[in-house]
1. On the given criteria, is Ala246 touching a helix residue (DSSP H, G or I) at 6+ places or on another chain (Cβ under 9 Å), in a helix (DSSP H, G or I), in the same structural domain as Gly121 (by TED's automatic domain parsing) and surrounded by 18 or more Cβ atoms within 10 Å (Cβ to Cβ)?
2. State yes or no: is Gln130 out of contact with any strand residue (DSSP E or B) (no Cβ under 7 Å at 6 or more places or on another chain) and modelled with pLDDT of 95 or more?
3. Identify, from the list Ser282, Ser225, the residue that is surrounded by 24 or more Cβ atoms within 10 Å (Cβ to Cβ) and among the polar types (S, T, N, Q).
4. Out of Gln43, Gln31, which single residue is farther than 21 Å from Ser79 by Cα and at pLDDT 95 or above?
5. With the condition kept exactly as written, say whether any residue in the range 121-141 is more than 17 Å from Val253 (Cα to Cα), without any contact (Cβ under 8 Å) to a residue 40 or more places away in the chain and aromatic (Phe, Trp, Tyr).
6. So in the range 85-113, with the set limited to residues that are free of Cβ contacts under 8 Å to residues at least 60 places away in the same chain and over 14 Å from the mean Cα position of the chain (by Cα), which one is surrounded by the fewest Cβ atoms within 10 Å (Cβ to Cβ)?
7. Is the range 108-118 home to any residue that is of a type in the set (Ser, Thr, Tyr), modelled with pLDDT of 95 or more and under 30 Å from Glu32 (Cα atoms)?
Amino acid sequence: MSIHSKVSIDEYEARLTLFSAIEPGHTGWSQEIQRVGAVMVLQGLLSGQYNSQSCSKLLGKIEQTNFEMLQTAVAVSDSEFIHPGHALWPRQVDQLANPPIGLIVKGDLLQLSQKSIAIVGTREPSSYGQEMAADFATAFVNHGWNVVSGGALGIDTCAHVATLKASGKTIAVIASGVLVDYPSSNSRLFKAISKNGAIVSEVMPYVHAAQNRFLTRNRLIAALSCATLVVEAAHRSGSLRTARDAADLMRPVMAIPGQLNSSTSQGCHRLIAERAAEIVTSVQDAVEFVGVKQ
């Protein structure tokens, strides 16, 4: 059924419709929806209250939307679409300048609001980086915290795997839909995460990953976490974006130093030099810095 043909629209219907049509992280629409609500925004778009020229592409997507098909897509993916107002909505993400319109979650919704640390870093870690990611993930699990990361190869994978081995809960915030395993080599890992934590996505279940979505999803990794730890990162790295997103939210940021001539630690050294991250040289440093027992 076209959204046009519905007699009345509730917030869930409006949110899911806009969620399917608007690119994640769009500051203008995120703030407008947060300000007046999704129903008002959707009705405004359909009635021409917003600039028709700048909104023509978005309006075209909305007019072609079949709401029942959106619902079916969520249902067959064994996930749930949640939005502000849902009993298990992680309210900490509303602190973002561009909060999500909604989230599709596969797994345990309760885990989204538990104490968590984000552990992020390069896709090509050294053996040292892999060891550090595993050690820190295990330590925080032993203190009762969840571990959040991005499901990518490298440090992300090390953090997720170590958490599961320690019988902890881990959350993967991915840049694709929950039906698209990216990278495909992590398919088994994603299945394990959905059973022992949650997979979180800001696009419909069948949507493939796009380069820009890796950056926009980083803000969610930061927002879902009480603190962020960068293990290894190059001078230009998406992990630095996550760290800066966490700092913008006034959340603790930590970085592990590496060898001075290590390219995989240049990003960490940059954060430390700019005082954008606290240097941590042991698990105990990190535990004390974020106050895990508070």
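1. Working: touching a helix residue (DSSP H, G or I) at 6+ places or on another chain (Cβ under 9 Å): yes; in a helix (DSSP H, G or I): yes; in the same structural domain as Gly121 (by TED's automatic domain parsing): yes; surrounded by 18 or more Cβ atoms within 10 Å (Cβ to Cβ): yes.
So Ala246 fits the description; yes.
2. Working: out of contact with any strand residue (DSSP E or B) (no Cβ under 7 Å at 6 or more places or on another chain): yes; modelled with pLDDT of 95 or more: yes.
Yes, satisfied.
3. Details: Ser282 fails: surrounded by 24 or more Cβ atoms within 10 Å (Cβ to Cβ).
Among Ser282, Ser225, only Ser225 is surrounded by 24 or more Cβ atoms within 10 Å (Cβ to Cβ) and among the polar types (S, T, N, Q).
4. Of Gln43, Gln31, the one residue that is farther than 21 Å from Ser79 by Cα and at pLDDT 95 or above is Gln31.
5. No: the range 121-141 contains no residue that is more than 17 Å from Val253 (Cα to Cα), without any contact (Cβ under 8 Å) to a residue 40 or more places away in the chain and aromatic (Phe, Trp, Tyr).
6. Step one: list which residues in the range 85-113 are free of Cβ contacts under 8 Å to residues at least 60 places away in the same chain, which gives 86-89, 91, 110, 113.
This time we only want the ones that are over 14 Å from the mean Cα position of the chain (by Cα), so: 86-88, 110.
On the way: His86: 17, Ala87: 6, Leu88: 13, Leu110: 10.
By that ranking, first place goes to Ala87.
7. At the first step, the residues of the range 108-118 found to be of a type in the set (Ser, Thr, Tyr) are 113, 116.
If we keep only those that are modelled with pLDDT of 95 or more too, we end up with 113, 116.
Applying the additional criterion that residues be under 30 Å from Glu32 (Cα atoms) yields 113, 116.
Taking every residue of the range 108-118 in turn, at least one turns out to be of a type in the set (Ser, Thr, Tyr), modelled with pLDDT of 95 or more and under 30 Å from Glu32 (Cα atoms).
Okay, residues lined up against (1) without any contact (Cβ under 8 Å) to a residue 40 or more places away in the chain; (2) under 29 Å from Gly197 (Cβ atoms); (3) part of a helix (DSSP H, G or I); (4) not assigned by TED's automatic domain parsing to the domain that holds Phe214:
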site	(1), (2), (3), (4)
Leu18	no, yes, yes, yes
Gln34	no, yes, yes, yes
Val39	yes, no, yes, yes
Gly48	yes, no, no, yes
Leu59	yes, no, yes, yes
Glu68	no, no, yes, yes
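The values are calculated or read from the model by the stated rules, or taken from the named source; none is laboratory data. Quick caveat: nothing in here was measured; it's all calculated off a predicted structure. Positions of Cβ are generated from backbone atoms using ideal geometry, with glycine treated the same way; all protein chains shown enter the neighbour counts.
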